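Asks: For reference, the structure I am asking about is given below.
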Amino acid sequence: MVQELVFDAPRRGLPPRHLADLDEAERASAVAELGLPAFRAKQLAQQYYGRLIADPRQMTDLPAGVRDAVAGAMFPDLLTAATEITCDSGQTRKTLWRAIDGTTFESVLMRYPQRNTVCISSQAGCGMACPFCATGQGGLTRNLSTAEIVEQVRAAAVAARDEFGDRLSNVVFMGMGEPLANYSRVLAAVRRITEAPPHGFGISARSVTVSTVGLAPAIRKLADERLGVTLALSLHAPDDELRDTLVPVNNRWKISEALEAARYYGDVTGRRVSVEYALIRDVNDQPWRADLLGKRLHGALGPLVHVNLIPLNPTPGSDWDASPKAAEREFVRRVRARGVSCTVRDTRGREISAACGQLAAEGKAAR
Ligand code: SAH
């Protein structure tokens, strides 16, 4: 029971049904409910996933007489861009979305020479309460629906196509929220993101990253879905004493349990697991912690792990800061010395509060 609550809070307050909520069978029944022939279901999905069109009034292969009915039944206008801010010479863009019920959350599109990545939210707010994370300070507002998650991806794909003349290549669940605490909707969204048109956007599963605080049973469950997405585990400390404070869910699932689940994920999928570690000056950046991190990861995951060090983005009102560069370099060196691959993550969007953990709670975000 407790686990069900942790995995999947109720559907309370979710928006009306949208095509992107539905799988193939559900799309067929939705079309039948409207009295339309079955082939329309595939046509609508092709328009949405293949051509990125979410307004039936622009679907020219749909009879004009049914467009309004289809719009009303299957294409509610779920997300409105309330604010858009860019930085890094236009290469990074944060969008503040407003849902139908007024709930706000954010996504960030990042353009790189070889890829376009969107960082999306799975929940409005977050219930995990990590003290160094801006989102964690505001608490959980609600889960996002599958379609609210998928719509963030569609919007990014449209921007990549129309503005960069390129395709959206990567999706990371590293915006607001704990994706595995909204399990079934995130899973459905991953399917829509990765399946080929007309069932999804056709983004390669290995280019989709699901990042988690370490809900061990949900990690195993995700492994068993065999989707082949990349798993990122937000560790941030190699010892339970410190992790209990930095990632409070550690009081429920200890480091050893999270690492065993990550190992299972790596074994089942054959994919290397990313371990996220925000380096915080004088909190978790000591040489002995680097040694312990390398040792534990090498022991638990062997070659199936890569460490991403994230320079801490200080949150307003907090005393914590990023580690000095010399401490960061020494940390990398020590982790590598234990045979574990380790790099420092490039941080984008700092000046527009779009960097890791900076997707602030509603109100503040609109600043
Ligand atoms: N709930 C998921 C996804 C959220 S954020 C998770 O925790 O993995 C994605 C990453 O950004 C996580 O590793 C998170 O710990 C990290 N992060 C949060 N706040 C940060 C901050 N202020 N500086 C650097 N990284 C941060």
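Laboratory data are not the source of any read-out in this text; all were calculated from the coordinates shown. Please read these numbers as outputs of a predicted model, since none were measured by experiment. With ideal geometry, Cβ positions are generated from the backbone for all residues, glycine too; neighbour counts draw on all protein chains shown.
Asks: In terms of Cα to Cα distance under 26 Å, which lysines are near enough to K94, apart from those fewer than 8 places away along the same chain?
Replies: K364
Asks: Can you list the HN-Hα couplings for segment 190-196, worked out from phi with the Karplus curve (6.51, -1.76, 1.60; θ = phi - 60°), rounded to whole Hz and with x for Gly and Pro?
Replies: Working through the residues one at a time gives 4, 4, 5, 6, 9, 5, 6 Hz.
Asks: In terms of the ratio Rg/(2.2 N^0.38 Å) built on C-alpha atoms, what value belongs to segment 162-284?
Replies: Numbers: Rg = 15.5 Å, N = 123, 2.2 N^0.38 = 13.7 Å.
Expressed relative to 2.2 N^0.38 Å, the Cα Rg reads 1.13.
Asks: Let me ask another. How far, in nm, would the chain grow between D88 and D162 when pulled straight, counting 0.36 nm per residue and subtracting the alpha carbon separation?
Replies: On the way: separation 74, 0.36 × 74 = 26.64 nm, distance 1.91 nm.
Residue separation times 0.36 nm, minus the Cα-Cα distance, leaves 24.7 nm.
Asks: Oh, and also: When a/c is below 1.5 the answer is rounded, else prolate if a/b is larger than b/c, else oblate, so apply that to segment 17-74 with a ≥ b ≥ c taken from the square roots of the Cα gyration tensor eigenvalues.
Replies: Working: a/c = 1.43, a/b = 1.10, b/c = 1.30.
Here segment 17-74 falls in the rounded category.
Asks: What span do the alpha-carbon atoms of the chain cover on each of the three principal axes, reported in whole Å from largest to smallest?
Replies: Extents along the principal axes: 69, 40, 38 Å.
Asks: For S341 and D77, compute 0.36 nm times the residue count separating them, minus their Cα-Cα distance, and round to one decimal in nm. Can you show the working numbers first?
Replies: Details: separation 264, 0.36 × 264 = 95.04 nm, distance 4.39 nm.
Residue separation times 0.36 nm, minus the Cα-Cα distance, leaves 90.6 nm.
Asks: May I ask you to derive the FRET efficiency for E225 and D68 from their Cβ-Cβ distance with R0 = 41 Å, giving the value to the nearest 0.05? Let's see the in-between values first.
Replies: Values: r = 37 Å, r/R0 = 0.91.
Result of the calculation: an efficiency of 0.65.
Asks: In addition: Residue by residue, what Karplus-based ³J(HN,Hα) values in Hz, rounded to whole numbers, does segment 266-282 have, using 6.51, -1.76 and 1.60 with θ = phi - 60° and x for Gly and Pro?
Replies: With the stated coefficients, segment 266-282 comes to x, 5, 5, 9, x, 9, 6, 8, 8, 10, 8, 9, 7, 7, 10, 3, 6 Hz.
Asks: Can you tell me the 0 to 90 degree angle between the C-alpha axis of helix 24-33 and the longest principal axis of the chain, rounded to 10?
Replies: 30 degrees
Asks: Would you grab the residues whose amide H sits under 5 Å from the one on V172? Only those 5+ places off in sequence or on another chain, please, with H modelled 1.01 Å from N.
Replies: Counting only residues 5 or more places away or on other chains, the set is V118, C119, I120, T209.
Asks: Another question, then. How large is Rg over Rh for segment 108-228, taking Rg from the Cα atoms and Rh as the Kirkwood inverse mean of 1/r across Cα pairs? Write down the numbers at each step before the final one.
Replies: On the way: Rg = 14.2 Å, Rh = 14.7 Å.
Rounded to two decimals, Rg/Rh equals 0.97.
Asks: Taking amide H positions as placed 1.01 Å from N in the peptide plane, with prolines and chain starts having none, which residues 5 or more places from S107, or on another chain, fall under 5 Å of its amide H?
Replies: Close amide H contacts, sequence-distant or interchain: T95, W97.
Asks: Quick one: Karplus J couplings for segment 62-76, per residue in order, coefficients 6.51, -1.76, 1.60, θ = phi - 60°, nearest Hz, x for Gly and Pro?
Replies: 9, x, 4, x, 10, 4, 5, 5, 5, 4, x, 8, 10, 10, x
Asks: Okay, moving on. Give the long-range amide H neighbours of C342: residues separated by 5 or more places, or on another chain, with amide H under 5 Å away, using H modelled in the peptide plane at 1.01 Å from N.
Replies: Excluding prolines and chain starts, which carry no amide H, the hits are V307.
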